[in-house]
Amino acid sequence: MSETPDTRQVVVDITIAAPIESVWEALRDPKLIETWFGWDAPSLAEEIKFIFLDHAEADAARRVVQFGEWEGSSDAIELTEEAGGTRLRMIRSGGAPLDWDGVYEDIREGWVNFFQQLRLALELHEGEERRTIYLSGAAKPGVGEPSAELGLDGPVAYTAGRPYTAALSTGNNARGLVWYTTHFQTALVVEQFGNGLIVVSDMGVSPKRPNGGGSVLITTYGLSAGEFDALEAQWKGWWDERYETATPS
């Protein structure tokens, strides 16, 4: 008798320097999920309820959150205790093989981004509230990918955990640590954003993006209302000159 092939694939595999109980709580309490998942939007609370409560089953004993099937595949979050923290893995069962260096796939890249936001929240900002700015869309003719337009050199130029400085074309001078990179994403801790995070995604050319395009997610901590509003206006003005703003889904 032939064995059934193992179709599971690793979507995310990171270690968070926090106790497993803290990570588990941050995956199950809707108010805590708001501190790392998605971005500021009127629909955020309903999206969290839909994804994490209505269409997920939690096994507290095994520290596993199993999500429902979608388009022939299903994802599960698995936590295990590791020296110095908690290992978080998202495992996908079924579905097409993951292509990490080819076509940008929103759901896969989104999970990578959000779980790194979770790591940021627990390691640097536990108990703090965040405010976010999200910009996404296709590039206008003659405009490059967001990382190039910002004056960054793309993910290959950065090493996670290393310090950096960057003069962004928005007028912001950024410094801090490189948080993580993937083939599509450059994520930098920015001291000027209250040790928040900027994640720049280069999504590449597609039928929806004939000139390329991407997104920027900025997470801020501790800014006054005036400081945040000024930052948001600055970035939206910069973005609208170069990209067709997409309606978030």
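The values are calculated or read from the model by the stated rules, or taken from the named source; none is laboratory data. As the structure is a computational prediction, the values presented were derived from the model and not from experiment. All Cβ positions, glycine included, derive from the backbone under ideal geometry; neighbour counts span all protein chains shown.
Tell me, which residue of the stretch 143-166 that is among the aliphatic types (A, V, I, L, M), assigned to a loop (DSSP other than H, G, I, E, B) and under 19 Å from the mean Cα position of the chain (by Cα) is surrounded by the most Cβ atoms within 10 Å (Cβ to Cβ)?
Taking the stretch 143-166 and keeping what is among the aliphatic types (A, V, I, L, M), we get 143, 148, 150, 152, 156-157, 160, 166.
Narrowing further to those that are assigned to a loop (DSSP other than H, G, I, E, B): 143, 152, 160.
So of that shortlist, the ones also under 19 Å from the mean Cα position of the chain (by Cα) come out as 152, 160.
Details: Leu152: 22, Ala160: 12.
The selected residue is Leu152.
When Glu71 is tested against (1) touching a Ser or Thr at 6+ places or on another chain (Cβ under 8 Å); (2) on the phi > 0 side of the Ramachandran plot, just one condition goes unmet, and that condition is (1).
Could you identify the single residue in Gly212, Gly196, Gly204 that is at pLDDT 95 or above, of a type in the set (Gly, Ala, Ser) and in contact with a Gly (Cβ under 9 Å, 6 or more places away or on another chain)? Even if it seems obvious, please write down each step before you answer.
On the way: Gly212 fails: at pLDDT 95 or above; Gly204 fails: at pLDDT 95 or above.
Step by step, each of Gly212, Gly196, Gly204 is checked, and only Gly196 is at pLDDT 95 or above, of a type in the set (Gly, Ala, Ser) and in contact with a Gly (Cβ under 9 Å, 6 or more places away or on another chain).
Listed by first and then second residue, the pairs linking a residue in the stretch 200-220 that is without any contact (Cβ under 8 Å) to a residue 40 or more places away in the chain to a residue that is in a strand (DSSP E or B) and surrounded by fewer than 23 Cβ atoms within 10 Å (Cβ to Cβ), with Cβ atoms under 7 Å apart and 6 or more places separating them unless they lie on different chains, form an empty list. Within this structure, Leu217 fails the test of being out of contact with any Ser or Thr (no Cβ under 9 Å at 6 or more places or on another chain), modelled with pLDDT of 95 or more and under 22 Å from Glu109 (Cβ atoms). Taking first residues from the stretch 81-93 that are under 13 Å from Glu123 (Cα atoms) and partners that are in a strand (DSSP E or B) and at pLDDT 95 or above, the Cβ contacts under 6 Å between residues at least 6 apart in sequence or on separate chains come to Gly85/Thr15; Gly85/Ile16; Thr86/Ile16; Thr86/Leu79. When the stretch 5-40 is limited to residues that are more than 15 Å from the chain's Cα centre (by Cα) and assigned to a loop (DSSP other than H, G, I, E, B), the one that is surrounded by the most Cβ atoms within 10 Å (Cβ to Cβ) turns out to be Ala18.
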